[in-house]
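Working notes, structure below.
Derivation of every value follows stated rules applied to the coordinates shown; laboratory data play no part. Computed from a predicted model, the values in this text were never measured in an experiment. Don't worry about glycine lacking a Cβ; one is built from the backbone with ideal geometry, like all the others, and counts go over all protein chains shown.
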Amino acid sequence: MDKKNYTLTDLSVIKRVMGEHGVTFSKGLGQNFLVNPTVCPKMAEAVRESTDNKTGVLEIGAGVGVLTKELLERCDKVVCVELDTRLFPVLNDTLSGYENLTLINGDILKIDLKKVIAEHFDGMEVFVCANLPYYITSPVIMRLLEEKLPFKKIIVMVQKEAGDRLCAKVGTRESGAVTVAVNYYAKARKLFDVSRGSFFPSPKVDSCVIELDLTQKGDYPVIDEKLFFQTVKAAFSQRRKTVLNALSSGMGIEKSKIAQAVKNAGVSENARAEALTMEQLVNLSNEIFKVKD
Ligand code: SAH
């Protein structure tokens, strides 16, 4: 089949194609489609420029295929996981003729990603590139990181506030549990801002594109990874409390033991989670590991 040369950032084109297939936008699924023509080429270029090797890209949520198309033009293989089956006839139309595309109907939080990677990206460097559905930003990013999948970089559009938090420096006011998690697995940085007017329908918030580079991971001597993330979660879940109080109430471990661990880790009893460095959080979880039973 021939490739169609639809301009997928042109609202009248989007409306016509969706209308032809009887599809309407679903706000609930985070469907705000990009109508600014410069954004997707920039995202796809960011992937392309990251490697000279064969490139496989996992996309999450195709919409009408605006980013998918830019990725297909530049990369060897694109697999896109899309939840909304109503979009499939639209995508088969807008992306017809691209033989390097596989569309999978599924939920990115549930699908077996190891299998997807093994089946489609053999011998390639693998990237994630997506305009994320914002209602699941943190769970998606956490899943992509925690499963230790062989991604080189994750390049995604997120809400500006989420981007600021993900790229914050650990130990500053902007940092949170997700900042620590991201830092543990990757190096995060913002690539560029995207204004709310770049979308249709225009959302109430601005966005940005961030990059998580999994090849630039810090080396943290964590004894028990699960306990480390429990510690981080408990410490940040009550940000206004001291670390001692937040951990005592959040971890189901006696306060005296937590106090001992806090002391052994060289952390002040009055410190709050947001003031702690990566090294202090690692020490803290390792000391809790030693006193917990
Ligand atoms: N990439 C497109 C669309 C982004 S909107 C663009 O840039 O315009 C987010 C997309 O994610 C929508 O297509 C929505 O249907 C899809 N989506 C929402 N929840 C999902 C989930 N759990 N798994 C996979 N896709 C999902």
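Brief remarks follow.
- Length added when fully stretched, residue 205-residue 293, from 0.36 nm per residue minus Cα-Cα: 27.1 nm
- Measuring between their Cα centroids, region 1-59 and region 195-221 lie 17 Å from each other.
- Rg followed by Dmax, in Å, when region 225-291 is reduced to its Cα trace: 9.9, 26
- For region 181-187, Karplus couplings with θ = phi - 60° (6.51, -1.76, 1.60), whole Hz, Gly/Pro x: 4, 4, 4, 5, 9, 7, 10
- For the chain, a Gaussian network of Cα nodes joined below 10 Å ranks 158, 267, 35 by mean-square fluctuation, and the top entry is 267.
- Cα-based radius of gyration of region 1-100 once divided by 2.2 N^0.38 Å, which approximates compact folds: 1.05
- Cα-based helix-to-principal-axis angle, 137-146 vs the chain, degrees rounded to 10: 70 degrees
- Whole-Å semi-axes of the ellipsoid equivalent to region 49-149 (Cα gyration tensor, √5λ, descending): 19, 18, 12
- Highest GNM mean-square fluctuation among 164, 93, 52, for the chain modelled with Cα contacts below 10 Å: 52.
- For the chain, the longest principal axis of the alpha carbon atoms and the long axis of helix 11-20 meet at an angle near 70°.
- For the chain, the longest principal axis of the alpha carbon atoms and the long axis of helix 225-237 meet at an angle near 90°.
- The ellipsoid equivalent to the alpha-carbon distribution of the chain has semi-axes of 41, 19, 16 angstrom, derived from the gyration tensor eigenvalues as √(5λ) and listed largest first.
- D_trans [Stokes-Einstein, Kirkwood Rh over alpha-carbon pairs] for region 96-165, 20 °C, 1.002 mPa s, µm² s⁻¹: 158 µm²/s
- Set of lysines near residue 241 by C-alpha distance (under 22 Å), chain-local residues within fewer than 8 positions excluded: 169, 233, 255, 257, 263, 292
- Each label point was placed 7 Å from the Cα along the Cα-to-Cβ direction; for residue 268 and residue 38 their separation is 4.5 nm.
- For residue 164 and residue 76, the FRET efficiency from 1/(1 + (r/R0)^6), where r spans their Cβ atoms and R0 equals 41 Å, is about 0.80.
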